[in-house]
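Undergrad: Below is the structure I would like to discuss, written out as structure tokens.
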Amino acid sequence: SGTVVPDASPEIPEPHAHAYYRVEQKTIDVTRHSPSWVSTGGDMISTTQDLHTFISALNRGELLPAGLLAEMRTPRPTGIPKMGYGLGVFVLDTAGGTVITHNGAMVGSAALMYSTPDGSTTLTAALNCVDDPEMSIAGAFQNAQQRLVNEVFRTLPAD
């Protein structure tokens with residue numbers, strides 16, 4: 001109920017977080033813009049609750065037949081240590097076990113979505129930040145994200 005497809009509309013349903021970008025030493029709010037420039041990458045705006053509902057239901061087998069779900073979660077090499085790519089999802093090996101994930105981002109904002117294969121443990125988060133082309137925080141962000149995932153999924157229940 002909290003997910004919309006904006007097409008080329010810059011409108012975002014309330015309540016929502018804001019996204020920021022730095023231009024010429026000024027921080028500007030870039031929340032309202034047409035997401036059509038990223039094609040299907042910007043075609044959905046969702047709440048963390050809807051993301052949680054989706055990834056949990058997907059992994060519990062409520063959305064796809066078992067065979068298709070298994071194929072979807074069969075990892076192919078990505079070149080990224082401990083991470084393979086299935087069909088639309090990434091398969092990540094953590095200290096606590098396997099996690100299914102697919103995150104998304106646009107200028108100044110990102111969404112995180114992680115779940116155990118049985119859907120019993122799920123992490124979703126919305127992030128907003130200031131993008132600055134001259135001052136990349138990508139490394140720090142990736143380290144913080146990895147620490148968060150490790151903390152949430154470090155002691156998964158035994159199968």
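Undergrad: Could you tell me which residue of the range 57-101 is nearest to Gly119 (Cα to Cα), considering only residues that are at pLDDT below 90 and among the charged types (D, E, K, R)?
TA: Going through the qualifying residues, I end up with Asp93.
Undergrad: Next up: Somewhere in the range 18-28, is a residue within 17 Å of Asn128 (Cβ to Cβ), among the aliphatic types (A, V, I, L, M) and in a helix (DSSP H, G or I)?
TA: Among the residues of the range 18-28, not one is within 17 Å of Asn128 (Cβ to Cβ), among the aliphatic types (A, V, I, L, M) and in a helix (DSSP H, G or I), which makes the answer no.
Quick grid of which residues meet (1) out of contact with any helix residue (DSSP H, G or I) (no Cβ under 6 Å at 6 or more places or on another chain); (2) farther than 20 Å from Thr98 by Cβ; (3) open to solvent by 50 Å² or more (accessible area, probe 1.4 Å):
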residue	(1), (2), (3)
Ala8	no, yes, yes
Glu11	yes, yes, yes
Pro15	yes, yes, yes
Tyr20	yes, yes, yes
His52	yes, no, yes
Arg60	yes, no, yes
Leu69	yes, no, no
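Undergrad: Is it true that Val99 is open to solvent by less than 20 Å² (accessible area, probe 1.4 Å) and either in contact with a Leu (Cβ under 9 Å, 6 or more places away or on another chain) or closer than 24 Å to Gln49 by Cβ (or both)?
TA: yes
Undergrad: Now for a separate question. Evaluate the following for Thr74: is it in contact with a strand residue (DSSP E or B) (Cβ under 9 Å, 6 or more places away or on another chain), among the hydroxyl-bearing types (Ser, Thr, Tyr), open to solvent by 20 Å² or more (accessible area, probe 1.4 Å) and part of a strand (DSSP E or B)?
TA: Numbers: in contact with a strand residue (DSSP E or B) (Cβ under 9 Å, 6 or more places away or on another chain): yes; among the hydroxyl-bearing types (Ser, Thr, Tyr): yes; open to solvent by 20 Å² or more (accessible area, probe 1.4 Å): yes; part of a strand (DSSP E or B): no.
No: the conditions fail for Thr74.
Undergrad: Could you tell me which residue of the range 28-42 is modelled with the highest pLDDT, considering only residues that are β-branched (Val, Ile, Thr) and open to solvent by 70 Å² or more (accessible area, probe 1.4 Å)? Walk me through it before giving the result.
TA: Filtering the range 28-42 for residues β-branched (Val, Ile, Thr) gives 28, 30-31, 38, 40.
The next check asks that each one be open to solvent by 70 Å² or more (accessible area, probe 1.4 Å); those that pass are 28, 40.
Numbers: Ile28: 85, Thr40: 63.
Taking the candidates together, the pick is Ile28.
Undergrad: Within the range 115-127, is there a residue that is out of contact with any Gly (no Cβ under 8 Å at 6 or more places or on another chain), at positive phi and open to solvent by 20 Å² or more (accessible area, probe 1.4 Å)?
TA: For the range 115-127, residues out of contact with any Gly (no Cβ under 8 Å at 6 or more places or on another chain), at positive phi and open to solvent by 20 Å² or more (accessible area, probe 1.4 Å): absent.
The values are calculated or read from the model by the stated rules, or taken from the named source; none is laboratory data. Keep in mind it's a predicted model, so treat the numbers as computed, not measured. As a convention, Cβ positions derive from the backbone with ideal geometry for all residues, glycine included, and neighbour counts pool all protein chains shown. Please note that ligands, DNA and RNA were not included when accessible areas were found on the heavy atoms of the full protein model with its side chains. Shrake-Rupley method; radii C 1.70, N 1.55, O 1.52, S 1.80 Å.
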